[in-house]
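This report refers to the structure that appears directly beneath it.
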Amino acid sequence: MSGFIWPEAKSGLIIRDRAKGVAVPKKYEFIEHTADLGFMAYGASIEELFAHAAEAFFEAIVGLESVEERIERAIEVEAYAVDNLMVSWLGELLYLYDTERLVFKRFQIKWIEDNHLQASVYGEVLDPARHEIKTGIKAVTYHQLYVKERKGGWEARVIFDI
């Protein structure tokens, strides 16, 4: 995992925003996984969960703070189950990164219904002068994958092949 810096993991679903001095819901956290990279994502709604999973994906690759919102891209994916929809969603983002060198920062999930997702994503073309590559992601895997509705929200675990 050359170059990847693990963010500080925090316990629980609420964290303190040090800049604002307030408690905020946790969006995601990276988890230890042998030879691969994993994360847990959280959301009050399924739409928020998918947006937070995409944020974790690009945080792992380049770090969101370096990405600017210069372009908008519409994305639509579907699958036969909600966990497969997560793989399709992140797989589409990986495809856009691999083929067009696009990195995204903001993810507006317009709707998720019947395992069909429609979203707008905002970012820019990768600029090696401004974007430090933290890690290379080869694939979104089904290993230990789950997307579950929990009391008070949604939770997902995703493992990437790096």
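The values are calculated or read from the model by the stated rules, or taken from the named source; none is laboratory data. Because the structure is a prediction, the values reported are computed rather than measured. Positions of Cβ are generated from backbone atoms using ideal geometry, with glycine treated the same way; all protein chains shown enter the neighbour counts.
For residues that are of a type in the set (D, E, K, R) and closer than 15 Å to His52 by Cα, tally how many sit in the range 100-118. Before you say what the answer is, go through the steps one by one.
Our first condition is that a residue be of a type in the set (D, E, K, R); within the range 100-118, this holds for 100-101, 105-106, 110, 113-114.
If we keep only those that are closer than 15 Å to His52 by Cα too, we end up with 105-106, 110.
The total comes to 3.
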Of the residues in the range 61-93, those that are closer than 22 Å to Val147 by Cα and of a type in the set (S, T, N, Q) number 2
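Do you know which residues across the range 120-139 are of a type in the set (A, V, I, L, M), at pLDDT below 95 and either surrounded by 17 or more Cβ atoms within 10 Å (Cβ to Cβ) or under 16 Å from the mean Cα position of the chain (by Cα) (or both)?
Correct list: Ile133, Ile137, Ala139.
With respect to Asp114, determine if the residue is surrounded by fewer than 18 Cβ atoms within 10 Å (Cβ to Cβ) and without any contact (Cβ under 8 Å) to a residue 60 or more places away in the chain.
Working: surrounded by fewer than 18 Cβ atoms within 10 Å (Cβ to Cβ): yes; without any contact (Cβ under 8 Å) to a residue 60 or more places away in the chain: yes.
It is true that Asp114 is surrounded by fewer than 18 Cβ atoms within 10 Å (Cβ to Cβ) and without any contact (Cβ under 8 Å) to a residue 60 or more places away in the chain.
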Condition check: surrounded by fewer than 23 Cβ atoms within 10 Å (Cβ to Cβ) and farther than 21 Å from Pro128 by Cβ. Does Arg106 satisfy that?
yes
For the range 119-162, how many residues meet the condition of being in contact (Cβ under 8 Å) with a residue 60 or more places away in the chain and either of a type in the set (S, T, N, Q) or within 14 Å of His52 (Cβ to Cβ) (or both)?
12
Strands (runs of 3 or more DSSP E) wholly in the range 1-78 with at least 1 residues that are modelled with pLDDT of 65 or more and surrounded by fewer than 17 Cβ atoms within 10 Å (Cβ to Cβ) - which ones?
22-25, 28-31, 71-78
